[in-house]
Every structure is written in C-alpha cells, then in structure tokens.
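Peer 1: Pasting a structure here, questions to come.
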Amino acid sequence: ATDDGSFLDAEWRTPGLEPIAGREERLPVSNLAQREGRTVAVDDVEHAPELSDPGLGDPAELRATGTRAALATPVVLRGDVLGAFAVHSAEARRWATSDVAVAEAIAREVGVAVHVAQLLDENAARLRQQTALLRAAREVTSELELATVLQRLVDQVAALLDVEAADVSLYDAQGSLLRCAAVRGMP
C-alpha cells in the first residue's frame, strides 16, 4: 500500500484487457508472493490449487481482468516485503526460467529504487532542517538586543519543528523562578 492508501503504483496494460487498478488487494497470485516472500508462477489460474485460500483473494478477479496466467515476485527492501511485481498473460502459459529471472530482477530493482527514494527524502528533510538552523543562527547573531534574539530564535525553532507554539524561559535567580522571555503561538 502507498501513503495515500492506494495499492497500485504503476500499471501497463495491453489494449483490450481490463485494468487491475482497484482490484489489486484481491489478486491472489500477487498476494501469495507477498505473503510468502517468494516468486509465484501460475500457468493457468483456472487450475491452480495454490490460489484456493480465500484470504489471498478471488481467482475470479484475475479471470475478470482477462488473466489466465500470472507471475508475481515480492519486492523486498532490507528484508521487508513491500509488495509484489506481477505480470499477467491473457493465455495460459508455462513460465520459462528466463521469465522468472527477469521478473525477479525487476522486483530487485524496484526495491533498490524505493530505497534510493527513501534516502533522497531523508536527505531532503535533513537539508531543510540544516537550512533552518543556519537561518536561525544567522538571525541570532545579527541582533544585539537579547529580547529580539530570543524572539527570533523561538520563531525559527517553531518553524523548523513545524509546531504551532514555542517559548523560551530564562531563570530568574532573584525570584527563583523561570520567566517567559519569548513566545510564539501562545498568549
């Protein structure tokens, strides 16, 4: 499943075949590959006892899309199964070893691509944080009045952490208490 709740990230199909989008959680070959973490090759969905578990989905969903044979292999990232890469055939067919090898290679590449995308997202987030910290440091060092420095710091940190409110309090040794010196988003 993706962040927006959808299951299908990409679909390529031949004209005349029904789309899979909207049915993906009910497709037993992909679900079996994902659940067991192994490649599943079904030569004929009409005669596939391995698809009889109702928890996998309904083989009728495959037939409704025009699928007679399906090959699915798990997409794995750091040992976790993220989903499945699947190919469907409108004709019953025996999947060749080379078909399986190509599907498995593609699934591995999809796993690598997902990993790279995650790393890029993490780096972008880190860069945004570092930029905000640099901006806060620049703001703090450009002012000499303490109240202004503290207010700018509170504003920058609230923006950095994406929070609605922030404050800084300083210890007042005379009164033995903390006094609010700068605040954002609160009275």
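The values are calculated or read from the model by the stated rules, or taken from the named source; none is laboratory data. What you see is a predicted model, and the numbers here were worked out from it, not measured in a lab. Cβ coordinates were reconstructed from backbone atoms using ideal geometry, including for glycine residues, and neighbour counts include every protein chain displayed. Heavy atoms of the whole protein, side chains included, go into the accessibility calculation; ligands, DNA and RNA do not. Shrake-Rupley method; radii C 1.70, N 1.55, O 1.52, S 1.80 Å.
Peer 1: What about residue 183, is it in a strand (DSSP E or B) and open to solvent by less than 50 Å² (accessible area, probe 1.4 Å)?
Peer 2: yes
Peer 1: Would you be able to tell me the number of residues in segment 52-89 that are at pLDDT 85 or above, over 22 Å from residue 101 (Cβ atoms) and open to solvent by less than 40 Å² (accessible area, probe 1.4 Å)?
Peer 2: Of the residues in segment 52-89, 1 are at pLDDT 85 or above, over 22 Å from residue 101 (Cβ atoms) and open to solvent by less than 40 Å² (accessible area, probe 1.4 Å).
Peer 1: Considering only residues that are open to solvent by 20 Å² or more (accessible area, probe 1.4 Å), hydrophobic (A, V, I, L, M, F, W, C) and within 24 Å of residue 46 (Cβ to Cβ), which ones fall in segment 90-104?
Peer 2: Result: 90, 92, 95, 96, 100.
Peer 1: Can you list residue pairs whose Cβ atoms sit under 8 Å apart, with the first residue in segment 91-105 being of a type outside the set (D, E, K, R) and the second being assigned to a helix (DSSP H, G or I) and open to solvent by 40 Å² or more (accessible area, probe 1.4 Å)? Count only pairs 6 or more apart in sequence or on different chains.
Peer 2: 92/46
Peer 1: Working only within segment 153-169, note down all residues that are exposed (fewer than 13 other Cβ atoms within 10 Å of the Cβ) and not in a helix (DSSP H, G or I).
Peer 2: If the condition is that a residue be exposed (fewer than 13 other Cβ atoms within 10 Å of the Cβ) and not in a helix (DSSP H, G or I), then 162, 163, 164, 165 are the ones that fit.
Peer 1: Here is a list of conditions, (1) surrounded by fewer than 20 Cβ atoms within 10 Å (Cβ to Cβ); (2) under 20 Å from the mean Cα position of the chain (by Cα), and residue 107 meets all of them except one; can you say which number that is?
Peer 2: Status for residue 107: all satisfied but (1).
Peer 1: Among the candidates 107, 137, single out the residue that is among the aliphatic types (A, V, I, L, M) and touching a Phe, Trp or Tyr at 6+ places or on another chain (Cβ under 7 Å).
Peer 2: 107
Peer 1: Regarding segment 119-139, can at least one residue be identified that is over 30 Å from residue 79 (Cβ atoms) and modelled with pLDDT of 85 or more? Step through it out loud before you land on a result.
Peer 2: As a first pass, look at segment 119-139 and keep what is over 30 Å from residue 79 (Cβ atoms): 130-139.
Imposing the further condition that a residue be modelled with pLDDT of 85 or more reduces the set to 130-131.
Yes, segment 119-139 contains at least one residue that is over 30 Å from residue 79 (Cβ atoms) and modelled with pLDDT of 85 or more.
Peer 1: Please find, among 150, 120, 133, the residue that is within 30 Å of residue 80 (Cβ to Cβ) and in a helix (DSSP H, G or I).
Peer 2: 120
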